[in-house]
């Protein structure tokens, strides 16, 4: 029995994994070989495996293994000049030639043989501190490597989760500020749930002596770094690293998992995807899952795994919601979702109309004049019409339109309105209490909602209605303040519906 | 160490000078005298940052060039690439040269020599009648800008040095001829890193984040360093580089210059 199971897991260890690999059950626990430590599933089995490393925004495929293995990771440190923004270059120090560094994926319980190679052309010594390592310095002291040298150390990945790694050579802040960080995923023994896309995004802050987008080769600015005043806050090491042709993509109906890290060195990220809600967030890559998250905090030197389903096509903007960083320092990336629109979830724009506002000065002089005249008892019908015109433009025309024609099928007309002509005084109640439900105007049935306009005072309602009665081909007439006062004093009807 | 004590130092210097002459090193290397003084070092001997006394010495105006080093190994073929024991030089030793005895293009002769081990650098300096500078001597001279002997508090000075250190190593090293600093010394920043005599005492922890909790006792005093000047990243970088090396190591951006004692130490 034990033999059979062992050969089974041995075979699993060398099978090629794909994204389609279904989530497996619990970790195999061999009887009599119970782990002494949690996360330790015993000695590595089978031949050593060379880890697949990927450049951002790509994530290596699931390990697909069912047993602990010896995994060899070879990471090369390269110091190189790369573009940080259009026309702006910077000397990055990198793990694997990219910022962030290569993505490493192992399985909980794996024994990881780590090789750090420092390119002969490097000026600096470097090392690596992996937050997924249990041991002093996370491997830093054991991996201190001079230019043109190669160090090796081995650790057992005891804890599952998504972890940051970074360089920890003096001056540490400068090594990190120059881009020396990345992510290592330690899969749980049963693997992660199946998704359609996995992407690797990592935020970092950068400090250059020149201003934001100042052209040319920009050196590191130590003073700005110590003062924590970044020139750039970026996803994946460059402005535009994940926009345009380089945007990450998905189709509607697909699930997306983002491994999002924050290398810092200084800034904490308020990570948000504009227009999406994270169905699941594994905060800090831990085991508790938060659901329905709008914005998640990613500390410097921390990481999360967020998952959501793409439902509506369009461009979704990944930002640090400390929003000036997004629009003035570069913290912006795009997830492009293609597919069929679902109008039941999101309609797109249904209306674009002019809105003047209730009190848009300086057009309310007529209203002021009418108010004064009413107070002194000298208000004429002409003054009422003038004041009502201004008020109509501000309050009523948004729906009923400036020409009073309304919108077919949605908002009934107030021009040549048989509904108004039939009972002008009824209109007072409509303004005060609103009107909900079916109503027929000029032979067309409307079924919508007009909210109560009781923020308008008696003078204003009287003026609006007097204006209406004397405009748009309506029959004329006058509504006085006293008429409105009378209606306002009446008890409100239970349902302000009217039929014609 | 095996190089010590065979002969008294004065005799060694004499032999070295003779050897240099034999090697056809007609144009003797140019040295300038640096007066005695005190240095508030980035690596102070104690927690309060007591200044370090510096005796007068003279120092090479420029780093040793490839041409100069070629003439040295013509006279001392045991330091040729391929002949030098691995204990004294790693496989990268002089690997950028076209052959064991030839640098390459003519212009390369004026570039600072790199890919040299500490042992080879010490041997060269002995042949020139000197030795490698100590860290404190080097730091003392490197503190100067064009007009001031200690410009380290000037943020602009620091930023300039840091910018040069932080840039990637160019494929072709610059020929040495940058402007002289207040001591008359050239190219101490910007061209190459430089070996120091006591690099092995620069024990920055490989992790470098242990702070006060470093294993001080393990290193018997010499390692009990405190970085006094945490904002001086330019110095930190240099210390980190030197502390990552062994005596036989060589890198594509690490060269050296020599110092010589000056007559009467009491001044």
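Bear in mind that the values in this text are calculations on the coordinates, not laboratory data. On a predicted model such as this, the values are computed, not experimentally measured, just so you know. Neighbour counts are summed over all protein chains in view; Cβ atoms, including those assigned to glycine, are modelled from backbone coordinates with ideal geometry.
Can I get the semi-axes of the stretch A:60-161's equivalent ellipsoid? Compute them from the C-alpha gyration tensor as square roots of 5 times the eigenvalues, in angstrom, largest first.
27, 17, 11
Can you compute the FRET efficiency between residue B:56 and residue B:177 using 1/(1 + (r/R0)^6), with r the Cβ-Cβ distance and R0 = 30 Å? Round to the nearest 0.05.
0.70
Taking each residue in A:279-289, count the Cβ atoms of any other chain within 10 Å of its Cβ, then average. What number comes out?
0
At 7 Å along Cα-to-Cβ for each site, give me the label-to-label distance between residue A:251 and residue A:81 in nm.
Placing both labels 7 Å beyond Cα along the Cβ direction yields 4.3 nm.
For the stretch A:162-252, what does the relative contact order come out to in percent, with C-alpha contacts under 8 Å and a separation of six or more?
With pairs under 8 Å counted, the relative contact order is 24 percent.
Within 10 Å of each Cβ of B:157-167, how many other protein chain Cβ atoms are there on average?
That works out to 5 on average.
Under the definition of Cα pairs under 8 Å and six or more residues apart, what whole-number percent is the relative contact order of the stretch A:106-223?
Relative contact order comes out at 25 percent.
Order by neighbour count: A:117, B:66, fewest other Cβ atoms within 10 Å first, most last.
A:117, B:66
I'd like the FRET efficiency for residue A:410 and residue A:436, computed as 1/(1 + (r/R0)^6) with the beta carbon distance as r and R0 of 25 Å, rounded to 0.05.
0.95
Set the Förster radius R0 to 51 Å, insert the Cβ-Cβ distance between residue A:274 and residue A:38 as r into 1/(1 + (r/R0)^6), and round the FRET efficiency to 0.05.
The value I calculate is 0.85.
To the nearest 10 degrees, how steep is helix A:458-469 against the longest Cα principal axis of chain A, on a 0 to 90 scale?
With rounding to tens, the tilt is 80 degrees.
Run the simple label-point estimate for residue A:315 and residue A:134 please: 7 Å along Cα→C-beta, distance reported in nm.
4.7
Enumerate the residues in the stretch A:307-323 having an amide nitrogen under 20 Å from the point lying 7 Å beyond the Cα of residue A:338 toward its Cβ.
A:309-318
Arrange the following residues from fewest to most other Cβ atoms within 10 Å of their Cβ: A:65, A:213, A:229, B:152.
Final ranking by Cβ density, sparse to dense: A:229, A:213, B:152, A:65.
Output the 0 to 90 degree angle, nearest 10, between the alpha-carbon long axis of helix A:2-14 and the longest principal axis computed from the alpha carbons of chain A.
70
Give me the extension gain from residue A:154 to residue A:352: residue separation times 0.36 nm, minus the current Cα-Cα distance, reported in nm with one decimal.
65.0 nm
Need one number: nm distance between label points at residue A:194 and residue A:457, each 7 Å from Cα along Cα→Cβ, rounded to one decimal.
Label-label distance for residue A:194 and residue A:457, simple model: 6.9 nm.
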